[in-house]
1. Of the conditions (1) outside any loop (DSSP other than H, G, I, E, B); (2) under 24 Å from MET26 (Cα atoms); (3) among the aliphatic types (A, V, I, L, M); (4) out of contact with any Leu (no Cβ under 6 Å at 6 or more places or on another chain), ILE134 satisfies every one except a single condition; which number is it?
2. Could you tell me how many of the residues in region 116-140 are crowded, with 16+ Cβ neighbours inside 10 Å and within 7 Å of the ligand (Cβ to nearest atom)?
3. Could you run through region 27-44 and say how many residues are more than 18 Å from MET16 (Cβ to Cβ), open to solvent by less than 50 Å² (accessible area, probe 1.4 Å) and more than 18 Å from the chain's Cα centre (by Cα)?
4. Go through (1) in a loop (DSSP other than H, G, I, E, B); (2) farther than 22 Å from ALA4 by Cβ; (3) not acidic (Asp, Glu) for ARG125 and report which single condition fails.
5. If I ask for residues that are outside any loop (DSSP other than H, G, I, E, B), of a type outside the set (Phe, Trp, Tyr) and open to solvent by 70 Å² or more (accessible area, probe 1.4 Å), which ones from region 161-206 would you list?
6. Please state which one of ALA109, ALA102 is surrounded by 19 or more Cβ atoms within 10 Å (Cβ to Cβ) and small (Gly, Ala, Ser).
7. Determine which member of the set MET90, MET26 is in a strand (DSSP E or B) and in the same structural domain as ALA148 (by TED's automatic domain parsing).
8. Name, by its number, the condition in (1) away from the ligand (no atom under 15 Å from the Cβ); (2) part of a strand (DSSP E or B); (3) of a type in the set (Ser, Thr, Tyr) that does not hold for THR108.
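The values are calculated or read from the model by the stated rules, or taken from the named source; none is laboratory data. Only a predicted model underlies this, so the values are computations on that prediction, with no experimental measurement involved. As a convention, Cβ positions derive from the backbone with ideal geometry for all residues, glycine included, and neighbour counts pool all protein chains shown. Calculation scope for accessible area: heavy atoms of the full protein, side chains included, ligands and nucleic acids excluded. Shrake-Rupley method; radii C 1.70, N 1.55, O 1.52, S 1.80 Å.
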Amino acid sequence: MKQAIKYQVITLFPEMFEGVFGSSMMWKAQKDGIVELTTVNLRDFGLGPRRQVDDTPYGGGDGMLLMIEPLWRAVEHAKAQDPSAKVLLMSPTGDRWNQASAQSYSETAHGYIFICGRYEGYDERIMQLVDQVISVGDYVLTGGELPAMTIIDSIVRLIPGVLGGAESAAIESFSDGETLEFPQYTRPEEWNGMHVPEVLLSGNHGNIAKWRAAHSQKAA
Ligand code: SAH
């Protein structure tokens, strides 16, 4: 059997991942041996009796930064589990993630290590170990955990065998980079006076395809 691809997340809040990794498609992809989703608790690499992981920035400024030593050791630990893994750092300053990124990451044979920043960020020297810095959008979150979850979910669902039919991912929004999916309906045919478009009930596949094409929008 093919070896499961490893996704390791370095975080101070591993419990945040329990729900996401333990539900739905992410759970199924692990059960089927397609991926292995694990967390590395940055606190385990903290310094001193209080397992310190953060300190104030040189040059002054508000807030705290993740210190280089615990972060470095956590990445080395994750690399030891999966030497060919690529290291991804979550940051609003990074390359913007999109569906094309998810598609290309879903086609690779190696694993990924995600670094979740916290507080005001991280000591820049960690860049020495980072392959790519990734942003999920032009806004600032309190940590890299939600970005890591978003990115992992968007990749894993595209790995062959995870979603039901290959069709479901092939025709959905952004699969060609710009088209948004057409409106969809399920039972009942009428709800509070609102009807399902007649053509979708017709069984005429040509007309249905035309209607769907006409009702697919282009992303702005
Ligand atoms: N001071 C930083 C923001 C820190 S937010 C700045 O101004 O750029 C704390 C952490 O949350 C970041 O280190 C990063 O890991 C994560 N984060 C916040 N917003 C993000 C985004 N849009 N994309 C990816 N990671 C993000």
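1. ILE134 satisfies every listed condition except (4).
2. 9
3. 1
4. (1)
5. ALA166, GLU167, GLU190, MET194, HIS195, GLU198, LEU201, HIS205
6. ALA102
7. Just one listed residue meets the conditions, MET90.
8. Going through the list (1) away from the ligand (no atom under 15 Å from the Cβ); (2) part of a strand (DSSP E or B); (3) of a type in the set (Ser, Thr, Tyr), THR108 breaks only (2).
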